[in-house]
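Worksheet: the structure to be examined is printed underneath.
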Amino acid sequence: MEGPLIAEPSVTMTTSSIPVTRILAALLFAVCVQAGASDTASYEAERRALLREIERDVRETAEYLNRRELDPRVMAAMAAVPRHEFVRPEDRDLAYANRPLPIGYGQTISQPYIVAVMTDLLEPAKGCRALEVGTGSGYQAAVLSRLCEKVYTLEIVEGLGQQARARLARLGYTNVDVRIGDGYYGWPEAAPFDVIVVTAVAGHIPPPLLKQLKPGGRMVLPVGTRFTTQQLVLVRKLDDGRITTRQMLPVAFVPLTGGHD
Ligand code: SAH
């Protein structure tokens, strides 16, 4: 008799504790969702503020860029890509500062103003095919993927390439292909490209990339060395195949590594 008597309250407690646990879980869930929602909202506010800052910087550098504002499509792409997903978790509070940030392996995610300017100089038209050399975090590729039909991006550091590939897939950027390899030689199987962007600096314009640029296409890349002033260069391949280059802006990029000379 004793057994069931003792057991009874504990059974009752167990049954009544299920709803309590559920309520607690639901409350916890609600709190988390709420925290997530306000995180998202504050990131959005920071992203909008960053866009205003980029617009201001563009006006201040208008003489270099030969334009006072960027293409609204480019700005819309910048507004849509969650940069906080592309930086290290410990740097998330700086994700919408207009500055480069470390991404490991001695590499950096570029300053948002520079990403916006480079993307704008490419004049990516609807349906374009793009090549990026220097995937890094995948951020520039994500911005381009909103403007082009397909983005091919090459990264020489295996760990970074793998991380970027996983991140882009998780965030739903299905039109980006990441390959681990030396971008100096481009991606011949996917060539030719309407636009090519190089996000690491070399002493010269890699000839394989010039070859893989479509007539009528544009390439934007920094040229210089690690320790001298680098110039952002806009390259155009004219319809008849002739090449024109134009120095746009002094910049600072990490070096293009690999076996080329
Ligand atoms: N576009 C990147 C920034 C990249 S920093 C972003 O949005 O985050 C430059 C990147 O170029 C680095 O990740 C570096 O590892 C890579 N890189 C350097 N030399 C390379 C080469 N020869 N081929 C491909 N990637 C290269």
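Each value in this text was obtained by applying a stated rule to the coordinates, not by laboratory testing. All figures in this text were calculated on a predicted structure; none of them were measured in a lab. Don't worry about glycine lacking a Cβ; one is built from the backbone with ideal geometry, like all the others, and counts go over all protein chains shown.
For segment 37-138, what number results from the quotient of the Cα radius of gyration and 2.2 N^0.38 Å?
Normalised by 2.2 N^0.38 Å, the Cα Rg of segment 37-138 equals 1.10.
Counting alpha carbon pairs within less than 8 Å and at least 6 residues apart, what relative contact order, in whole percent, applies to the chain?
12 percent
Is it possible to state the helix-based mean residue ellipticity at 222 nm for the chain, with each DSSP H run of 4+ residues giving -39500 (n - 2.57), the sum divided by total residues, to the nearest 500 deg cm²/dmol? What is it?
One gets -13500 deg cm²/dmol as the mean residue ellipticity at 222 nm.
What ratio of Cα Rg to 2.2 N^0.38 Å holds for the chain?
It is 1.33.
So what J values fall out for segment 114-129 if you push phi through Karplus, 6.51 cos²θ - 1.76 cosθ + 1.60 with θ = phi - 60°, rounded to Hz, Gly and Pro as x?
Once rounded to whole Hz, the list reads 5, 4, 5, 5, 4, 4, 5, 5, 6, 6, x, 8, 3, x, 6, 10.
With springs only between Cα atoms under 10 Å, which of Asp120, Asp182, Asp240 fluctuates most in a Gaussian network model of the chain?
Asp240
Thr245 versus Leu171, label points 7 Å from Cα toward the beta carbon: distance in nm?
Distance between the two pseudo-spin positions: 3.1 nm.
Restricting the count to DSSP beta bridges whose residues both fall in the chain, what percent are antiparallel, rounded to a multiple of 5?
45 percent
Taking the simple approach of a point 7 Å from Cα along Cα-to-Cβ for both Lys214 and Glu158, what is their distance in nm?
3.5 nm
Given the options Lys237, Lys126, Lys150, which has the most mean-square fluctuation in a GNM of the chain, springs set between C-alpha atoms less than 10 angstrom apart?
Lys126
By DSSP, what percent of the beta bridges with both residues in segment 111-237 are antiparallel, rounded to the nearest 5?
Restricted to segment 111-237, the bridges split so that about 25 percent are antiparallel.
I need the Kirkwood Rh of segment 121-261: take the reciprocal of the average 1/r across all distinct C-alpha pairs and report it in angstrom.
Answer for segment 121-261: a Kirkwood hydrodynamic radius of 14.9 Å.
Would you mind checking segment 119-156 for residues with the amide N under 16 Å from a putative spin-label position 7 Å along Cα→C-beta of Thr61?
119-123, 140
Treat each spin label as a single point 7 Å out from the Cα along the C-beta direction, and report the Ala79 to Leu238 distance in nm.
3.8 nm
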